[in-house]
Amino acid sequence: MSRSNEGFGAWLRLFRKQAGPQSPPVNLKAATDAAYLAEIQSLTQTGSLAWNFATGSVHWSAETYRICGVDPEAALSRELILDLVHPDDAKSFGEAVDAAIKSRTRFDHELRIVRPNRDVRTIHMVGRFLVEKPEQFVGAMTDVTERRLEEEARRTSDFHYRNMFVALAAAFWELDFSGVTPILRKLKQQGVKDLPRYFADNPEVVREMMRATRVIDVNDQAVALFGRGNKEELLTNVEPFWSDSSLQVYAASVVASVRRTPGFSAETRLRRIDGTEFDGLFTVSFPPEGVATSKFLIAVIDISERVNAQAALRNLQAELAHAARLSTLGELAASIAHEVNQPLAAITTNASASVRWLDRPQPNLEEVKTLAARIAADARRAADIISRIRDMATRRTTETAALSVASVIAESAAFLRHDMEAQRVSLVLDLAPDLPVVMGDRTQLQQVVVNLAMNAAQAMAHATTGQRRIVVGARHLDGNVVVTIDDDGPGIPEEHLERLFQSFFTTKENGMGIGLPICRTIVEAHGGQIRIENRASVGARVTIWLPAKAAIGASPHTNV
């Protein structure tokens, strides 16, 4: 520490002359107030010090000794603050002291000290010379180490946050949510309890909340994704950036905030400043206070390329599924011919009988009417069969509707009946009554059942078991319709179980290895799961879980 300055040097010499703890302190307070003052200093963790220029006496309070980590009875206490100053802060501290002595102005300085135990602390010192007693200097000392560490951590955090805000590929928006809180409070006062339903029935309220949500700041990526190079265009409310098809996603994020969930994320359609739309991943993380916190940070990632790639993949999968259906129809040609021949034969028989009844001397018109009704019914049955075949053979887009799984299985069994009879396989349906409906595409689900049943029948072609039976069952379990297909075949080799759903893996001599992968793709597109395993006794079991319609509302897999 530089001691060339005369003012600081004089102060140092006065400090060295102090006589120790037994020296009379400066009388700043009456003796009756000493305990009270010491208690206040301990509570506020603020130490005091006094220095008399005339006598050279220096007084430290007990709290000052504690802050500096010095024992009042120790020899080091005679050196006071000067021997504790951190070497790197000695020069600036000396200069601050000199300036205060020369100008007799307020002293305010922050420095580091090194305690006797080598612990480094940051302290803040303030003081002044008494006007009525200019030879006396009084001051206060506070340990601000933790505060400075917290400030540094906050600055570091802010720096990292700002770097991420600016540099990451995501479009970040800092939003002021305070304008939405009064709207939610008003709804609560009106007795609205089911917010999701209310927002679905009142989209204009969602738009009102959007207009009340202000944009505070955006990063460069947000400007590039949403704007036209002008950041100021985006510093408005969020309403212009949400399309009508995405209102309920915004509403769901508000509900998530009200419920104090940790965060919310959804894929949705968003709108640029020029009106064009794109597919985005909208994400927001909520603080524990939920809507009580007025500011949120949201992130938007452009997923248009991914969505387009997924659409292309779905088209490719649809093409493969179409090819697989045509292959299946080829295998079922005999069964199809049998199905169509039955109503055609019945039509022919009934038409011939009608002619005979009309050729009688006394035509029996009642019998003819009955036969005509049968002909019409058989014609409709034939038309239905042809329609089902056309549906399976036609390349068309997926059509999602509420379906009865029992009817899907029954229709699939009708396709398979003749083929199963030819292979001497009995097909048994074990369908629980009152199954809930599922959302899906009828033709695709029929394709799954037909493919799996045919696989089971082919597996039993060389089985040595006494019976050849396939049991297709369906039951309701934990919000799902569970379909099982059991066979009495030889089962599946253990080494093949893990590979069954791999594309182009097959154990058939003329197999393509795409049937099971397509089945899994269809089932998963319906929000379900599929598993194949060996039964405990004999044969194999395929299990399919399809979410019931009531459970789909909460599922992320609502699109087929």
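The values are calculated or read from the model by the stated rules, or taken from the named source; none is laboratory data. Fair warning: this is a prediction, and the values are worked out from it, not measured in the lab. Cβ atoms come from the backbone with ideal geometry, glycine included; neighbour counts cover every protein chain shown. Just the protein is used for accessible areas: all its heavy atoms, side chains included, with ligands, DNA and RNA removed. Shrake-Rupley method; radii C 1.70, N 1.55, O 1.52, S 1.80 Å.
Observations on the structure shown:
- Among the listed pairs K91/K133; K186/K549; K186/K295, those beyond 25 Å (Cα-Cα): K91/K133; K186/K549
- Separation of the R118 and A414 label points, Cα + 7 Å toward Cβ, nm: 9.0
- Distance between modelled label sites at Q467 and E533, nm, 7 Å Cα→Cβ extension: 2.3
- Backbone N atoms of the range 49-72 closer than 16 Å to the 7 Å Cα→Cβ label point of R147 belong to residues 64, 67-68.
- Backbone N within the range 177-205 under 16 Å of label point (7 Å from R259 Cα along the Cβ vector): 193-200
- If the chain linking K188 and S103 were pulled fully straight, counting 0.36 nm for each residue of separation and taking away their Cα-Cα distance, it would gain 24.3 nm.
- Accessible surface of W357 - all protein chains present, 1.4 Å probe, nearest 10 Å²: 60
- Cross-link partners of K102 among aspartates and glutamates, defined as those whose alpha carbon lies under 14 angstrom from its own and excluding same-chain residues fewer than eight positions apart: E6, E135.
- Loop-resident trypsin sites (Lys or Arg not before Pro) (DSSP state other than H, G, I, E or B) in the range 231-309 with no more than 15 further Cβ atoms inside 10 Å of their Cβ: R259, R260, R272.
- One decimal place: the segment A345-T543 gains 67.5 nm when fully extended, by the rule 0.36 nm per residue minus the C-alpha distance.
- By a 1.4 Å probe calculation restricted to protein chains, R211 has an accessible surface near 120 Å², given to the nearest 10.
- Label separation (V126 vs R269): 6.1 nm, computed from points 7 Å beyond Cα along the C-beta direction.
- The trypsin sites (Lys or Arg not before Pro) found in the range 43-124 that occupy coil by DSSP, while having at most 14 further C-beta atoms within 10 Å, are R104, R106, R118.
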